[in-house]
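Below is one structure; the comments refer to it alone.
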Amino acid sequence: MSEIPDIDAGQPADAAVAPTADDSANMGAGRSEEVVETRKRYHEELHQLTVDTVRLAAMAAEQIAGGTEALLGGDLAGAERVIAEDAHIDELFHTIEENAYFVLARQSPMASELRTVIAILRVIHEIERCGDLMVNVAKATRRLYPYGLDPKVRGLIERMGAQAGDQLRLAVVAFDDGDLVQAAAVEDMDDVMDDLTKALFRTIFTGGAPDEAALQRAVQVALVGRYYERIADHAVNISHRAHFVVTGALVDPGGQGP
């Protein structure tokens with residue numbers, strides 16, 4: 001039988017496996033590297049959320065341009081493309097939403113980073129609604145076909161489409177850059193859209209419609225004007241989220257400021 005080695009009575013039995021100073025240093029370095037890697041991944045996820053939000057807005061802006069062009073040209077094929085493309089906006093919207101919830105659950109962001117994630121969740125909803133509104137414009141194109149638009153109405157619709165696209169793009173740039181000057185400009189631009197909407201309604205309904213069919217077409221055009229106005233309102237809401245991210249204060253929807 002082999003002999004059991006003696007253990008010094010004054011030495012604890014587990015002293016032989018106690019970590020050395022070098023071991024402790026290596027373990028600490030490993031934990032530090034893990035923390036650094038986690039923070040790096042976290043900031044990459046935050047950045048990707050913003051990048052995807054800007055991409056979603058670009059897709060919606062393309063829908064505004066494409067839908068307006070289809071309406072003005074009585075292009076049924078173009079209208080169908082706008083309706084079909086909305087599925088891609090919805091898909092990206094849900095991807096961003098899911099990723100944002102994952103960041104909230106796994107990383108527990110704080111302060112401005114928390115405000116950014118919360119704001120993104122709201123902003124993507126505003127953008128997604130812009131896409132839905134352009135689907136409505138595309139469907140109106142089918143309902144108005146084959147009748148052309150009155151030249152004055154056509155001019156107003158063209159300006160409203162351009163205004164809606166400009167406001168959405170500027171609002172998202174303000175949000176991405178944290179630029180409060182540009183955010184304030186979006187709200188000022190909304191006055192232009194309000195004036196265009198009023199002018200459209202006056203043009204449509206002044207003098208009345210000669211028959212029931214003409215009245216129905218006038219109502220469709222009025223609804224189209226309302227869709228563009230709502231897109232501009234969504235752009236203003238996005239600009240308010242830019243203010244929230246930068247300052248932490250919510251903007252009064254009535255325009256009275258934070």
Leading residue by the ranking (surrounded by the most Cβ atoms within 10 Å (Cβ to Cβ)) among those in the stretch 51-79 that are β-branched (Val, Ile, Thr), touching a residue at least 12 places away in the same chain (Cβ under 8 Å) and under 23 Å from Gly178 (Cα atoms): Thr53
Any residue at all in the stretch 93-102 that is closer than 22 Å to Leu196 by Cα, in contact with a helix residue (DSSP H, G or I) (Cβ under 8 Å, 6 or more places away or on another chain) and not small (Gly, Ala, Ser)? no
State yes or no: is Val82 free of Cβ contacts under 8 Å to residues at least 12 places away in the same chain and of a type in the set (A, V, I, L, M, F, W, C)? no
Pick from the stretch 63-116, criterion of a type in the set (S, T, N, Q) and part of a helix (DSSP H, G or I), ranking: nearest to Met160 (Cα to Cα): Thr68
Candidate set: the stretch 178-191, residues that are of a type in the set (Asp, Glu) and touching a residue at least 40 places away in the same chain (Cβ under 8 Å); chosen: the one farthest from Ala60 (Cα to Cα): Asp179
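Hey, could you check the stretch 98-129 for residues that are under 10 Å from the mean Cα position of the chain (by Cα) and under 16 Å from Leu46 (Cα atoms) and say which is surrounded by the fewest Cβ atoms within 10 Å (Cβ to Cβ)?
The qualifying residue surrounded by the fewest Cβ atoms within 10 Å (Cβ to Cβ) is Arg122.
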Looking for something within 30 Å of Arg142 (Cβ to Cβ), at pLDDT 95 or above, touching a helix residue (DSSP H, G or I) at 6+ places or on another chain (Cβ under 6 Å) and of a type in the set (Ser, Thr, Tyr) - is there at least one such residue anywhere in the stretch 223-233? yes
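The values are calculated or read from the model by the stated rules, or taken from the named source; none is laboratory data. Worth saying up front: this structure is predicted, and the values here are computed from it rather than measured. FYI the Cβ positions are ideal-geometry reconstructions off the backbone, even for glycines, and counts take in every protein chain you see.
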